[in-house]
Amino acid sequence: MGKINLILIVGVLLILAGCMQGHDHGSHSMEQIKAQANVITNPSPIQAGELTSLTAVFKDDKGKPLYPLMTHHGRKVHMLIISEDLGMIAHLHPDDFNTVSEEMELASQYEFEFTFPKAGKYIVALDVMNNEGAFSKQFVVNVEGAEKLSKINKDLSTTKIFQGFEEQGIDRYVDPVFVSDSISESGYTVKFSTDVDHPHTHEEVTLSYHIEKDNVPVTDLVPFLDAPMHFGIVKAGLDGFMHTHGGPPGMSDQDDHDATVPDKFGPDLEVKVSFPEPGLWQIFGQIKHENKIIFTSFMMEVIEGHGIGGDDE
Ligand SMILES: [Cu+2]
């Protein structure tokens with residue numbers, strides 16, 4: 001009897017964990033399916049500066065390989081890696097490294113490669129979708145090595161210059177991007193603003209971006225992986241994460257896979273989000289201009305709201 005109760009409790013806890021993940025997609029969350037994911041790294045533990053293979057394994061709620069996965073935003077499996085100092089991001093897909101074979105798809109096992117630059121903690125966030133809905137899962141991995149990640153540099157500035165990185169194949173850029181190092185003369189000036197001065201938790205906030213190059217508004221941004229703008233939004237401490245998409249004003253709801261994506265747009269972009277937890281959040285954005293991929297990064301402080309937590313619809 002006691003054993004059965006324990007199993008029930010564990011079951012309920014797992015379902016609760018699943019529900020919490022359902023809120024990871026911000027204000028416009030898609031239907032979240034029940035599934036499981038795991039990441040196997042080689043070497044394990046991961047060593048800084050050493051090429052690491054990461055294998056993501058997806059299972060349905062019955063423990064069978066999660067198959068077939070649907071292409072969303074140009075790829076079947078998306079991985080974002082962000083360092084605990086909030087200074088580094090990478091956005092990877094299995095197809096960036098190898099042709100995804102039918103065997104891999106049937107087993108729902110997908111391989112990635114990455115060299116973690118320094119020792120410390122990183123969030124590894126996975127996103128997949130099938131015809132029933134979306135599934136998101138995050139892991140925090142610990143990387144060993146002599147050179148450690150630095151502390152978070154709290155920087156609430158709202159105008160920054162970001163470099164464009166030449167794509168390595170169409171919509172492919174697999175190297176770590178250090179946002180603090182990306183200030184350069186030839187960069188893009190990005191102005192960040194929000195429609196509320198002090199965002200509260202569970203409150204819809206519009207984050208707006210204005211992009212210029214050499215003092216001229218950029219009006220010919222192009223979609224990157226089937227969305228005008230991609231976002232990886234992570235909380236200091238790596239205990240909160242959202243992966244979402246934005247677009248030109250009026251077309252910012254880009255999480256629906258039937259959303260219209262314009263061919264050319266700019267200089268203004270926005271995304272609507274709702275933060276589940278108070279704290280310091282880093283908002284990484286990704287846009288594309290010509291053959292360059294631009295990673296933006298701004299910091300925001302979110303304060304506890306008055307509403308009842310939990311439901312951010
Ligand atoms: Cu992706």
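The values are calculated or read from the model by the stated rules, or taken from the named source; none is laboratory data. A quick note: this is a predicted structure, and the numbers were derived from the prediction, not measured. Cβ placement follows ideal geometry from the backbone for every residue including glycine, while neighbour counts extend to all protein chains displayed.
Scanning the range 87-99 for residues that are in contact with a helix residue (DSSP H, G or I) (Cβ under 8 Å, 6 or more places away or on another chain) and either part of a loop (DSSP other than H, G, I, E, B) or away from the ligand (no atom under 11 Å from the Cβ) (or both) yields Gly87, Met88, Ile89.
Which one is farthest from the ligand (Cβ to nearest atom), of the residues in the range 50-70 that are more than 16 Å from Ile40 (Cα to Cα) and in contact (Cβ under 8 Å) with a residue 24 or more places away in the chain? The extreme case among them is Gly63.
For Ile233, indicate whether it is assigned to a strand (DSSP E or B) and more than 16 Å from the ligand (Cβ to nearest atom). Spell out how you get there, then give the answer.
Details: assigned to a strand (DSSP E or B): yes; more than 16 Å from the ligand (Cβ to nearest atom): no.
Criteria not met by Ile233.
Being more than 13 Å from the ligand (Cβ to nearest atom) and in a strand (DSSP E or B) is the filter; apply it to the range 71-86 and report the residue that is nearest to Met242 (Cα to Cα). The residue in question is Ile82.
Listed here are the residues, each with its yes/no results for (1) modelled with pLDDT under 95; (2) more than 30 Å from Gly120 (Cα to Cα).
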{"residue": "Val261", "(1), (2)": "yes, yes"}
{"residue": "Gly266", "(1), (2)": "no, yes"}
{"residue": "Glu270", "(1), (2)": "no, yes"}
{"residue": "Gly279", "(1), (2)": "no, no"}
{"residue": "His289", "(1), (2)": "no, yes"}
{"residue": "Phe298", "(1), (2)": "no, no"}
{"residue": "Val302", "(1), (2)": "no, no"}
{"residue": "Gly310", "(1), (2)": "yes, yes"}
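Of all the listed residues (Leu86, Leu92, Leu126, Leu106), the sole one being buried (at least 18 other Cβ atoms within 10 Å of the Cβ) and over 24 Å from Gly169 (Cα atoms) is Leu86. Which numbered condition trips up Leu156, out of (1) in contact with a strand residue (DSSP E or B) (Cβ under 6 Å, 6 or more places away or on another chain); (2) within 16 Å of the ligand (Cβ to nearest atom); (3) not in a strand (DSSP E or B)? Unmet for Leu156, out of (1) in contact with a strand residue (DSSP E or B) (Cβ under 6 Å, 6 or more places away or on another chain); (2) within 16 Å of the ligand (Cβ to nearest atom); (3) not in a strand (DSSP E or B): (2).
If you take just the strands (runs of 3 or more DSSP E) that sit entirely in the range 238-300, which of them hold at least 2 residues that are within 19 Å of Glu203 (Cα to Cα) and either over 16 Å from the mean Cα position of the chain (by Cα) or β-branched (Val, Ile, Thr) (or both)?
Values: elements: 241-246, 268-274, 279-289.
The qualifying strands (runs of 3 or more DSSP E) are 268-274, 279-289.
Select, from Ser83, Ser44, the only residue that is within 14 Å of the chain's Cα centre (by Cα), at pLDDT 95 or above and polar (S, T, N, Q). Result of the check over Ser83, Ser44: Ser83.
Residue-wise test of (1) assigned by TED's automatic domain parsing to the domain that holds Phe284; (2) under 26 Å from Pro228 (Cα atoms); (3) of a type in the set (D, E, K, R).
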| site | (1), (2), (3) |
| --- | --- |
| Val100 | no, yes, no |
| Glu132 | no, yes, yes |
| Lys154 | no, no, yes |
| Asp171 | yes, yes, yes |
| Phe178 | yes, yes, no |
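Within the range 159-170, at least one residue is more than 16 Å from the ligand (Cβ to nearest atom), touching a residue at least 40 places away in the same chain (Cβ under 8 Å) and part of a loop (DSSP other than H, G, I, E, B).
Kindly establish whether Lys137 is touching a strand residue (DSSP E or B) at 6+ places or on another chain (Cβ under 9 Å) and more than 16 Å from the ligand (Cβ to nearest atom). If you could, list the steps in order and put the result at the bottom.
Working: touching a strand residue (DSSP E or B) at 6+ places or on another chain (Cβ under 9 Å): yes; more than 16 Å from the ligand (Cβ to nearest atom): no.
Here the answer is no, as Lys137 does not meet what is asked.
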